[in-house]
Amino acid sequence: MGTLYLVPTPIGNLADITLRSLRVLFDMDIIACEDTRRTGLLLEKLLNEFSPNPADKRKPRLLSYYDQVELQRIPEIISLLTLDQNVALVSDAGTPAISDPGFKLVRECIKEGVKIESLPGASSVLTALTVSGLPTDKFLFVGYPPHKPGHRMDFFKNIKTSLESITSTVILFEAPHKIETSLKDLQNVFGDIDIVLCRELTKMYEEIRREKISEALVHFKKTPPKGEFVILFHE
């Protein structure tokens with residue numbers, strides 16, 4: 001029986017890959033990834049940057065694994081594992097299965113008695129939390145808000161209700177083309193609270209803004225948002 005490895009990849013800075021992750025990735029038979037082209041380019045960069053002799057490194061087979069094909073891929077991956085093939089699961093960036101497909105595969109591997117190893121590594125959630133200046137003893141990560149306006153408002157209302165029981169720092173993701181809409185809904189539910197906005201973490205143009213929601217909205221009117229955002233707040 002093979003082993004399923006959950007391998008974090010850099011969220012921006014290539015040097016954030018761990019030595020263990022490098023070893024595991026290039027020892028794999030199969031790498032299941034969201035985007036085979038993107039992961040292929042990453043492997044090439046890692047070879048050129050960190051291997052003294054790239055020709056000595058084998059190149060694993062890349063298998064696409066994203067939301068639309070997840071259910072059909074799971075039996076295929078389980079079958080490979082039962083044939084003593086080792087499989088790594090990666091996302092486009094960061095730790096796999098965090099707001100990305102993966103937990104269903106892990107669940108099925110557990111059912112089938114497949115060994116699973118989760119490697120520590122890059123995570124935009126923890127990177128943003130530790131740099132935010134907000135309390136870190138308790139935090140609530142809620143992923144991406146729903147797309148539909150009514151569902152999104154309910155989403156924020158439910159967060160507000162949950163914070164009445166356990167006061168926590170809230171962490172969520174948002175895409176650049178939806179950031180203004182989500183901030184307005186957040187303001188409608190929580191008021192004009194202080195927030196922290198992180199984007200391009202670990203990259204050359206990393207930006208961390210600490211301001212009220214109203215100030216962020218004014219900023220985005222002047223400067224169109226770019227890059228994926230991590231939003232944090234603590235009432």
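The values are calculated or read from the model by the stated rules, or taken from the named source; none is laboratory data. Please read these numbers as outputs of a predicted model, since none were measured by experiment. Neighbour counts are summed over all protein chains in view; Cβ atoms, including those assigned to glycine, are modelled from backbone coordinates with ideal geometry. SASA here: full protein model, heavy atoms, side chains in, ligands and nucleic acids out. Shrake-Rupley method; radii C 1.70, N 1.55, O 1.52, S 1.80 Å.
Under a Cβ-only charge scheme (Lys and Arg +1, Asp and Glu -1), can you give me the dipole magnitude of segment 116-189 about the Cα centre, in debye to the nearest 20?
Values: 7 positive and 7 negative charges, 50 e Å.
For this selection, approximately 240 debye.
Can you tell which of GLN68, VAL114, LEU134 lies farthest toward the positive end of the dipole of segment 32-136, using +1 and -1 charges on the Cβ of basic and acidic side chains (Lys, Arg; Asp, Glu)?
Highest projection toward the positive end goes to VAL114.
Under 12 Å from a point placed 7 Å out from the Cα of ILE193 along the Cα-to-Cβ direction: which residues of segment 137-181 have their backbone N that close?
Under cut-off, by backbone N: 140, 156-172.
Label points 7 Å out from Cα along the Cβ direction at ASP16 and ASP29: separation in nm?
3.2 nm
Within segment 160-182, list the residues whose amide N lies under 19 Å from a label point set 7 Å along Cα→Cβ of GLU215.
Correct set: 170, 180.
Going from the alpha-carbon gyration tensor of the chain, what semi-axes, largest first and in whole Å, does one get by taking the root of 5 times each eigenvalue? Show your work: numbers first, answer last.
Details: eigenvalues 252, 87, 46 Å².
Taking √(5λ) for each Cα gyration eigenvalue gives 35, 21, 15 Å.
With the contact rule set at Cα under 8 Å and sequence spacing of 6 or more, what percent relative contact order holds for the chain?
23 percent
Please report, in whole Å³, the volume per residue of the convex hull around the C-alpha atoms of segment 158-208. All intermediate terms of the calculation are to be shown ahead of the outcome.
On the way: hull volume 4.9 nm³, N = 51.
Cα convex hull per residue, to the nearest whole number: 96 Å³.
If the convex hull of the alpha-carbon atoms of segment 3-55 is projected onto planes in all directions, what is the mean projected area in square nanometres? Display every interim value, and only then the final one.
Working: hull surface 15.5 nm².
Result: a mean projected hull area of 3.9 nm².
What nm value, rounded to one decimal, do you get for the distance between ILE208 and LYS157 when each label is placed 7 Å out toward the C-beta?
With each label placed 7 Å out from Cα toward Cβ, I get 3.5 nm.
Less than 17 Å from a label point 7 Å out along the Cα-to-Cβ axis of GLU200: which backbone N atoms in segment 213-229 qualify, by residue?
Under cut-off, by backbone N: 219-229.
Counting only heavy atoms of the protein chains, get the accessible area per residue of segment 1-130 (1.4 Å probe) and round it to a whole Å² value. Write out the running numbers ahead of the final one.
Numbers: 6560 Å² over 130 residues.
Normalised by residue count, the accessible surface of segment 1-130 is 50 Å².
For LYS104, go through the aspartates and glutamates and keep the ones whose alpha-carbon is under 12 Å away, minus same-chain ones fewer than eight residues off.
ASP67, GLU70
Counting every Cα pair in segment 32-107, what percent are over 17 Å apart?
Details: 1385 of 2850 pairs.
It works out to 49 percent of all Cα pairs.
Keeping the other protein chains in place, figure out the carbon and sulfur percent of the accessible area of the chain, with a 1.4 Å probe.
On the way: 6300 of 12270 Å².
Heavy-atom surface of the chain belonging to carbon and sulfur, 1.4 Å probe: 51 percent.
Roughly how big is segment 97-235's charge dipole about its Cα centre, with Cβ charges of +1 (Lys, Arg) and -1 (Asp, Glu), in debye to the nearest 20?
Details: 19 positive and 19 negative charges, 60 e Å.
Taking the Cα centre of segment 97-235 as origin, the dipole is about 280 debye.
In Å and on Cα atoms, what radius of gyration and Dmax does segment 71-172 show?
Computed over the Cα atoms of segment 71-172, radius of gyration and Dmax are 17.4, 50 Å.
Mind ranking 130-143, 175-188, 78-91 by how tightly packed they are, going by the mean number of other C-beta atoms within 10 angstrom, highest first? Before the final figure, lay out the partial values.
Working: 130-143: 14.4, 175-188: 16.6, 78-91: 19.5.
For the peptides 130-143, 175-188, 78-91, the packing ranking is 78-91, 175-188, 130-143.
Add +1 for every Lys or Arg and -1 for every Asp or Glu among the other residues with Cβ under 11 Å from the Cβ of PHE173, and state the total.
-1
Using the scaling law 2.2 N^0.38 Å as the reference, what is the normalised Cα Rg of segment 128-235?
1.00
Straight-line reach only, C-alpha to C-alpha below 23 angstrom: list the lysines that LYS222 could link to, leaving out same-chain residues fewer than 8 apart.
LYS178, LYS184, LYS203, LYS212
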